[in-house]
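Everything on this sheet refers to the single structure shown next.
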Amino acid sequence: MNKKSLIRKFNKQAAIYERNTRQRRLGEWRQRLLQDVEGDVLEVAVGAGANFPFYHRDKVNVTAVDFSPEMLSRARRMASELGIRANFLERDIETLELPERSYDCVVSTLSLCGYEDPVKALNKINRWVKPGGRVYLLEHGMSTNRLLGAMQHLINPAARRISGCHYNRDMIQIANASELNIMKTERYWNGIVHLIWAQATGSIH
């Protein structure tokens, strides 16, 4: 999909994302995933700032990135309301360049469904985190229920056109194929929702 078209899709969905954020949907899973996040935090595909309510505001300095200006506008408002220290970058993660080993942790929620090459995106994230630093992922992917999985395959072409997301990706396989060290995974809602805790590997060459 053309990247400009994808950005337009997410701009149009920004108000919906913000409503969902304020209703705290997925809140229980976000809180479970993010309870230990602290330090210099890079949040990629920040959206409308849905994770901000679950950060300890006195323990984080956030760099928030998204390619949608409408999403960033709402994320700025959310950060201001909650007193989160954050800088915002309007950038595309797939082309973004940042200094290596700069962040204590990276947070990415509901974003791997949109990348053309999600393994490549995770490998970039791995390079941005300090060695041994943490990566926190919350994603939706293929269900463990065979009937639901078949439906996900069936609707995926339409979902991709409408929302810009792939509904039928194997997120555990994608995470395991990356350079990250996968420490722990949990699955919910018929296996569709994935919580993944990972650790950065390697060093700067």
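The values are calculated or read from the model by the stated rules, or taken from the named source; none is laboratory data. Predicted, not measured: the structure shown is a model, and the values here were computed from it. When we count neighbours, we look across all protein chains shown, and the Cβ atoms used for this are built from the backbone with ideal geometry, even at glycine. The protein model used for the area step is the full one, side chains on, heavy atoms only, and it has no ligands, DNA or RNA in it. Shrake-Rupley method; radii C 1.70, N 1.55, O 1.52, S 1.80 Å.
Numbers for the structure displayed
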| item | result |
| --- | --- |
| Near pairs, Cβ below 9 angstrom, 6+ apart or cross-chain, from the stretch 146-165 (within 23 Å of residue 68 (Cβ to Cβ)) to any residue that is hydroxyl-bearing (Ser, Thr, Tyr) and part of a helix (DSSP H, G or I) | 164/5 |
| Leading residue by the ranking (farthest from residue 30 (Cα to Cα)) among those in the stretch 172-196 that are surrounded by fewer than 16 Cβ atoms within 10 Å (Cβ to Cβ) and of a type in the set (A, V, I, L, M, F, W, C) | 177 |
| Of the criteria (1) at pLDDT below 95; (2) open to solvent by 40 Å² or more (accessible area, probe 1.4 Å), which one residue 71 fails | (2) |
| Any hit, the stretch 91-108, residues being surrounded by fewer than 16 Cβ atoms within 10 Å (Cβ to Cβ) and more than 22 Å from residue 179 (Cα to Cα) | yes |
| Inter-residue pairs, beta-carbon under 9 Å, first under 26 Å from residue 147 (Cα atoms) and in the stretch 174-200, second modelled with pLDDT of 95 or more and assigned to a loop (DSSP other than H, G, I, E, B), 6+ apart | 196/180 |
| Residue in the stretch 108-115 that is modelled with pLDDT under 95 and assigned to a helix (DSSP H, G or I) present | no |
| Total residues in the stretch 75-97, condition over 16 Å from the mean Cα position of the chain (by Cα) and either farther than 26 Å from residue 120 by Cα or at pLDDT 95 or above (or both) | 12 |
| Residue in the stretch 80-87 that is part of a helix (DSSP H, G or I) and either free of Cβ contacts under 8 Å to residues at least 24 places away in the same chain or at positive phi (or both) present | yes |
